[in-house]
Amino acid sequence: MRNIEKALAQSLPADASRVLAERFAARADDEGLIDVAYTVEDSPVGPLLLASTKRGLVELGFDGDERLDLYLTTLSAKLSPRVLEAPARLDPVRRELDEYFSGKRQGFDVPLDWTLTHGFTQRILRATAKVPYGQVSTYRQMATKAGNAKAVRAAGNALGANPIPIVVPCHRILRTGGSLGGYGGGPERKEFLLRLEGFLE
Amino acid sequence: MSLPPFQTFLDAHRETVFRYLVAMIGPDDAEDAFQETFISAMRAYPRLRPDSNLRAWALTIANRKAIDTIRARKRRAVPVEEVPEVAVRDGRPEDHDVWASARDLPASQREALLFRFAADLPYSDVAVALGTSEDAARQRVSEGIRTLRKALKA
């Protein structure tokens, strides 16, 4: 009996399903079943998680390799569990990011999905999206634009919670007085981006 | 507690599902049935209860797709003997014979063997996938092995 059991267990190829699973993404996309498509893309600021809904880019996450599970679990819980790795769906975003990092692009044209933010936070981030390349603004100015000039600290928190950094350029928002202030992806990345854009020497 | 992202579900169970399908209907049809299985799964996924046994659920769908494939073959009147043979990892002919013979078993025994050995499920999951008790699942597997042993000796 042992031999039959062993033969039954061992007679099939190992990990043959990997290619099929990759092919599955294209099929699921054709059928309109992917609510959240994602990929992890290398960049000068490290691996980035890129996630899109049918509306547009919904999240860009730093340390996309190490923190992948966390990102996917959160997207699944907040948006839909139909989360699938589908790099082709992120091609336009990847192209624009490549152009941005090589200095050939100053603004992003891909559609954005704002559903991960609400209220004051979303107003702050929408105002931030209008700060031009190579220029900066302050937390206080953003708070004023979002309709509450006194909410400077809340503006800082909103920017820290930006789900689409780089594309929504929260790195361009500094402290009043000129110090760089914090950054969700760490101060080195903020400095890198401001240098890339020519604001810092 | 919430459902894992579908990609996590796919990665965790794709190999099990594929092994099961290859053993059940052969490697060529298994590729199509694999796609159909996960398309159906993804369609139903958001409505699934988070505490579901996901592996058993995936295999239940795979089993249904395999049965659809077998029915479609019968409608096309293709003799079962012409079904593509299972892939053999190391080319040992005896392994090949085992799954080929398993296809001639009564469906209930064959499914039990496939769940247990091709999909490598513990008996508790075999029971869920078959919709029976664990004891009944054990019994079907041992009956299947007995029948298979007889067939191979003959």
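Figures for the structure shown
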read-out: Where a residue in segment A:127-140 is on the phi > 0 side of the Ramachandran plot and its partner, wherever it lies, is assigned to a helix (DSSP H, G or I) and surrounded by 18 or more Cβ atoms within 10 Å (Cβ to Cβ), with Cβ under 9 Å and at least six apart; value: A:Gly134/A:Arg172; A:Gly134/A:Leu194
read-out: Listing of strands (runs of 3 or more DSSP E) fully contained in segment A:13-118 that carry 1 or more residues being of a type in the set (Asp, Glu) and more than 8 Å from chain B (Cβ to nearest Cβ); value: A:36-41, A:57-61
read-out: Unmet criterion (only one of (1) in contact with a Phe, Trp or Tyr (Cβ under 7 Å, 6 or more places away or on another chain); (2) crowded, with 20+ Cβ neighbours inside 10 Å) for A:Glu197; value: (2)
read-out: Residue check, A:Val152 in contact with a Lys or Arg (Cβ under 8 Å, 6 or more places away or on another chain) and of a type in the set (Val, Ile, Thr); value: yes
read-out: Filter pass, A:Glu201 being of a type in the set (Asp, Glu) and outside the structural domain of A:Leu57 (by TED's automatic domain parsing); value: yes
read-out: Given (1) more than 11 Å from chain A (Cβ to nearest Cβ); (2) more than 18 Å from the chain's Cα centre (by Cα); (3) under 21 Å from B:Phe18 (Cβ atoms); (4) modelled with pLDDT under 85, index of the condition B:Arg92 fails; value: (1)
read-out: Among the residues listed as A:Lys145, A:Lys150, the single one being surrounded by fewer than 17 Cβ atoms within 10 Å (Cβ to Cβ), more than 19 Å from A:Gly184 (Cα to Cα) and not assigned by TED's automatic domain parsing to the domain that holds A:Gly56; value: A:Lys150
read-out: Given (1) surrounded by fewer than 18 Cβ atoms within 10 Å (Cβ to Cβ); (2) assigned to a loop (DSSP other than H, G, I, E, B), index of the condition A:Glu188 fails; value: (2)
read-out: Failed item, numbered, when B:Ile70 is tested on (1) modelled with pLDDT of 90 or more; (2) more than 10 Å from chain A (Cβ to nearest Cβ); (3) in contact with a helix residue (DSSP H, G or I) (Cβ under 9 Å, 6 or more places away or on another chain); value: (1)
read-out: Looking only at segment B:115-124, and only at residues there that are surrounded by fewer than 22 Cβ atoms within 10 Å (Cβ to Cβ) and assigned to a helix (DSSP H, G or I), the one that is nearest to the other protein chains (Cβ to nearest Cβ); value: B:Tyr123
read-out: Some residue of segment A:48-63 being of a type outside the set (Ser, Thr, Tyr), buried (at least 17 other Cβ atoms within 10 Å of the Cβ) and within 19 Å of B:Ser40 (Cβ to Cβ); value: no
read-out: Residue check, A:Leu174 touching a Cys at 6+ places or on another chain (Cβ under 9 Å) and closer than 25 Å to A:Arg195 by Cβ; value: no
read-out: Segment A:98-109 residues that are at positive phi, paired with ones that are surrounded by 11 or more Cβ atoms within 10 Å (Cβ to Cβ) (beta carbon under 8 Å, 6 or more apart); value: A:Gly103/A:Leu196
read-out: Identity of the residue in segment B:12-28, closer than 20 Å to B:Arg73 by Cα and small (Gly, Ala, Ser), that ends up farthest from the other protein chains (Cβ to nearest Cβ); value: B:Gly26
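Rundown of residues vs (1) within 22 Å of A:Leu75 (Cβ to Cβ); (2) surrounded by 17 or more Cβ atoms within 10 Å (Cβ to Cβ); (3) facing another protein chain (nearest Cβ under 7 Å); (4) at pLDDT 90 or above, yes/no style:
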position	(1), (2), (3), (4)
B:Leu10	yes, yes, yes, yes
B:Ala30	no, yes, no, yes
B:Arg43	yes, no, yes, yes
B:Arg47	yes, no, no, yes
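Every residue, every condition in (1) under 21 Å from A:Ala25 (Cβ atoms); (2) buried (at least 18 other Cβ atoms within 10 Å of the Cβ); (3) out of contact with any strand residue (DSSP E or B) (no Cβ under 9 Å at 6 or more places or on another chain), yes or no:
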| site | (1), (2), (3) |
| --- | --- |
| A:Arg89 | yes, yes, no |
| A:Ser102 | no, no, yes |
| A:Asp113 | yes, yes, no |
| A:Leu125 | no, yes, yes |
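The values are calculated or read from the model by the stated rules, or taken from the named source; none is laboratory data. The model shown is predicted, which means the values in this text are computed figures rather than measured ones. So basically every Cβ, Gly included, is an ideal-geometry build from the backbone, and we count neighbours across all protein chains shown.
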